[in-house]
Structures are given as C-alpha cells and as structure tokens.
C-alpha cells in the first residue's frame with residue numbers, strides 16, 4: 001500500500017492509525033492521577049488563601065492583593081522558560097519526567113510554608129513562598145500537560161488522554177469543594193488539610209506516572225530539516241502557525257467567558273438567589289455535570305471532529321447561560337438546572353481544546369523539525385491564566401461603578417441587575433465571538449493524519 005493510500009485509509013477510519021494501539025484504561029488512569037492533588041491545591045489557593053492571609057493572619061487586603069498580583073506576573077514569565085527548558089531536556093529518563101520529579105519537593109516545601117506559616121508572618125513571607133510554590137507547580141503542570149501531546153500521535157486518542165487529566169482535575173476540585181462543606185471546618189483547618197493532602201497524594205501520583213508511562217526523548221525529528229532557532233525566530237514560527245493562532249484566540253476569548261461567571265458565581269448565588277448556604281453544593285453539581293458530559297462529547301468528536309463539537313458545546317452553554325438573568329430570590333431549582341445545562345458542555349471545553357493543541361504541535365514539528373510541545377503548552381498556560389485575571393479585572397470595577405457594596409445588607413436594584421447581566425449575558429456574547437473565530441478551523445482527522453504521514457515519510461517513524 002502506498003503512503004498516500006495508507007493516509008486516506010486512516011482518514012476514512014476516523015483518523016485512527018491501526019498501527020498505534022489504544023492506551024490501556026489503567027494507563028489513562030495513571031496519567032490522570034497527578035491532576036487530583038494539583039486540583040486540591042488550586043481551589044484553596046485561589047478561593048481561601050487570600051482571605052486567610054488578609055484577615056486571619058492580619059497581613060491586610062491591600063498587601064495580599066499586591067503580592068498575589070506580582071506572583072501572577074512571575075508565573076507568566078516562568079511558564080515559557082520551563083516550557084523551553086523541558087523541550088530541550090536530554091537523558092534516558094525522558095524530557096517531561098525529570099521536571100515532574102524535580103518540581104514535587106519544591107511544591108511540597110513551599111506549600112507547607114504558605115499553608116502553615118510561622119508566627120508573625122508578613123507580606124514578604126507570602127511573596128517568597130508563593131512565588132516558589134507557583135514555580136514548583138509550573139515545573140510539574142506544564143511538562144505534564146505537554147507530555148499528553150507526545151504519549152500518542154493519534155487524533156482521537158489524544159482526546160482520551162486529555163479527558164483522563166481533566167476528569168481527574170474536576171474530581172480533585174469536587175473533593176476540595178465537598179470536604180470543607182461536609183465537615184464544616186474553618187480556614188486554618190482547610191489550609192492544614194490541603195498541605196497534608198498534597199504531601200500524601202502528589203508524590204504517589206507523580207511516582208506512578210513516571211514509572212508506568214512512556215516519555216519520548218528525541219527533541220529533533222530526525223530527517224526533517226531541523227534548524228537552530230533563535231528566540232525571535234521560534235516565536236515567529238509559533239504564530240505563523242495559522243491553526244494555532246485560531247485555536248489560541250478562541251481559547252483565550254472563551255476563557256474570559258468562563259472567568260466572568262467563575263468570579264461572580266458566589267456573589268450571584270448570595271445576592272441574586274439569596275441562597276449563600278447552597279453555593280458550594282451547586283458548584284459541585286456544575287463540575288459533576290462536566291464529568292458526566294465528557295464521554296458524550298468524546299463520542300461526538302469521533303463522528304464530527306473536535307473543533308465542531310467544541311463549537312457546539314460553547315453554543316449549548318451560551319443558550320443556557322442567559323436564562324440566569326431571569327432568576328431572582330428563591331429560584332434555586334431553576335438555577336440548579338442551569339448549572340447542569342452549562343456544566344455539561346464544560347466537559348467538552350476542558351477536554352477538546354488541549355487535544356486540538358496536540359494536533360497543531362504536529363504541524364509545527366513538520367515545519368520546524370523540532371518537538372516543541374513545552375513551548376506551545378507554556379503559551380497555552382498564559383492563555384489560561386490571563387483570562388481568569390481579566391474576569392476579576394472586568395467584573396469588580398463594573399460592579400463598583402454600579403454601586404455594588406459587598407458589606408451592604410441589601411443591594412440596589414441596578415447593582416443586582418448589573419451583577420446578573422455580567423454573570424449571564426456577557427459570557428454569551430464572548431462565547432459567540434469564540435465560535436466565530438473557530439468557524440473555518442482547518443485541522444480535522446484527515447488533515448492530522450496527512451501531517452503525521454508526512455512526518456513519518458521524512459523521519460522514517462512508524
């Protein structure tokens with residue numbers, strides 16, 4: 001059979017290369033495991049830690065806010081650096097595994113210093129140890145994400161790998177939500193519990209992944225015309241990749257659409273629905289619905305392609321979100337339905353974009369002659385973090401202008417209307433823009449197989 005015939009045959013079979021077997025279910029579980037402790041860390045880090053340091057430890061809101069803003073910029077700087085270095089890591093243990101192993105003790109040490117600080121803690125302690133904790137987290141999370149693009153070259157298999165990670169992350173998030181809610185513990189106890197959970201779960205999960213999963217080591221694609229790229233040329237080649245530009249733009253825009261309701265969720269439940277005591281259970285239902293949606297969206301993506309199904313998921317979320325504007329005090333049952341209808345498409349929005357990212361990395365490998373998954377996922381990390389920060393930066397100033405006062409016993413009607421509109425309507429508009437950006441996304445199963453076949457022809461890979 002000729003190379004062209006083999007490519008057409010693989011495309012006709014839905015993009016699966018018959019020579020590449022499916023990963024065993026236990027391998028998918030093992031790859032997903034580190035996502036659980038990382039999620040257990042992130043929720044208290046974003047939700048509980050600011051208030052804990054500002055009020056319980058007396059550091060102050062202004063100081064804590066300034067420190068966390070500085071650390072966020074530090075995180076954006078370290079992402080590309082770790083991505084570049086992990087792409088260039090040599091050795092028989094692989095390119096990604098050494099970073100997971102090295103990042104684990106740094107993350108654990110700094111997490112203990114952040115979550116269990118000494119007496120008389122100040123802003124400088126928070127700045128130093130939070131910066132080190134973010135660095136340790138980046139050393140694990142970024143190579144861990146890039147690793148998924150290299151475990152399998154198959155178009156659909158990559159979605160299953162991304163799904164294993166994202167389902168584990170959601171499971172860790174739900175765990176971090178439910179335990180404090182069910183046990184009714186205070187903030188210091190949440191902080192101590194997070195440190196202990198990390199200490200137990202993270203080394204076990206990283207050890208299992210490192211010992212049981214393959215990690216390709218060759219950074220240059222053999223016979224492909226690999227050239228030395230200076231940083232400016234490497235960046236130019238990155239953004240000359242048209243599918244990557246469209247993917248990262250849609251992902252960034254859609255991230256703002258999720259950053260806004262994530263920022264405003266607790267305020268909406270407390271002040272519009274007047275059901276503050278049900279906020280965490282409702283959020284747990286939202287994430288549980290995302291987990292339930294993952295197998296459905298994966299099945300649909302096999303038939304219709306990843307980008308089309310992602311567009312459909314964003315459309316479903318947009319069609320459901322706006323109805324929250326119609327709700328008021330006591331409408332918890334209706335909002336529960338909205339949480340289900342908007343949580344269900346979240347499964348696709350978490351799983352399919354990273355899988356598509358792996359496909360655009362193949363195109364870059366064909367053009368550059370290098371495996372640069374780390375650099376791509378570093379850019380991906382920035383496109384994940386900045387929209388979350390923009391959600392706060394957009395929402396809070398507008399609420400202040402509308403006269404919203406957190407400490408007020410009752411809010412003015414116009415302030416509640418602005419809160420509900422930003423929670424429900426603005427994300428819909430933003431999602432429609434993301435859908436429009438993706439409308440002519442060029443890489444489907446057949447095109448990805450063509451790219452893989454060309455790489456195989458030039459390198460002799462099988």
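What follows is calculated from the coordinates using simple rules that are stated; it is not laboratory data. These figures come from a predicted structure and were not determined experimentally. Backbone-built Cβ (ideal geometry, glycine too); neighbour counts: all protein chains shown.
Summary table below
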| quantity | calculated |
| --- | --- |
| Coordinate range along principal axes, alpha carbons of the range 405-449, Å, largest first | 60, 16, 9 |
| Protection proxy ranking of 294-303, 273-282 - average other beta-carbon atoms within 10 Å, highest first | 294-303, 273-282 |
| Distance between the range 184-207 and the range 135-173 - C-alpha centres, whole angstrom | 21 |
| Hull shadow area, averaged, the range 350-436 [alpha-carbon convex hull, nm²] | 7.8 |
| Estimated inter-spin distance, residue 128 and residue 292, nm [label 7 Å along Cα→Cβ] | 4.9 |
| Computed over the range 21-219, Cα set: Rg, Dmax in Å | 17.5, 57 |
| Percentage relative contact order, the range 21-219, counting C-alpha pairs under 8 Å, at least six apart | 44 |
| Using a Förster distance of 60 Å, the FRET efficiency for residue 278-residue 88 (Cβ separation, nearest 0.05) | 0.75 |
| Between the range 58-87 and the range 324-399, the alpha-carbon center distance in angstrom | 20 |
| Reference-scaled alpha-carbon Rg (2.2 N^0.38 Å with N residues) for the range 222-462 | 1.18 |
| Inverse of mean 1/r across different Cα pairs in the chain, Kirkwood, Å | 23.1 |
| Residue-averaged [θ]222 nm for the chain, counting only DSSP H segments that reach four residues, each worth -39500 (n - 2.57) | -25500 deg cm²/dmol |
| Two-site label geometry, residue 73 and residue 322: point separation in nm, points 7 Å out along Cα→Cβ | 3.9 |
| Taking 444, 215, 56 and counting other C-beta atoms within 10 Å, the order from fewest to most | 56, 444, 215 |
| Angle in degrees between helix 332-368 and the longest Cα principal axis of the chain, rounded to the nearest 10 | 30 |
| Residue order, fewest to most surrounding Cβ atoms within 10 angstrom, among 396, 252, 376 | 396, 252, 376 |
| Per residue Cα convex hull volume in Å³ - calculated over the range 108-208 | 109 |
| FRET E, pair residue 412, residue 102, Förster distance 45 Å, beta-carbon r, rounded to 0.05 | 0.30 |
| The chain: angle of helix 123-151 to the longest principal axis, Cα-based, in degrees nearest 10 | 30 |
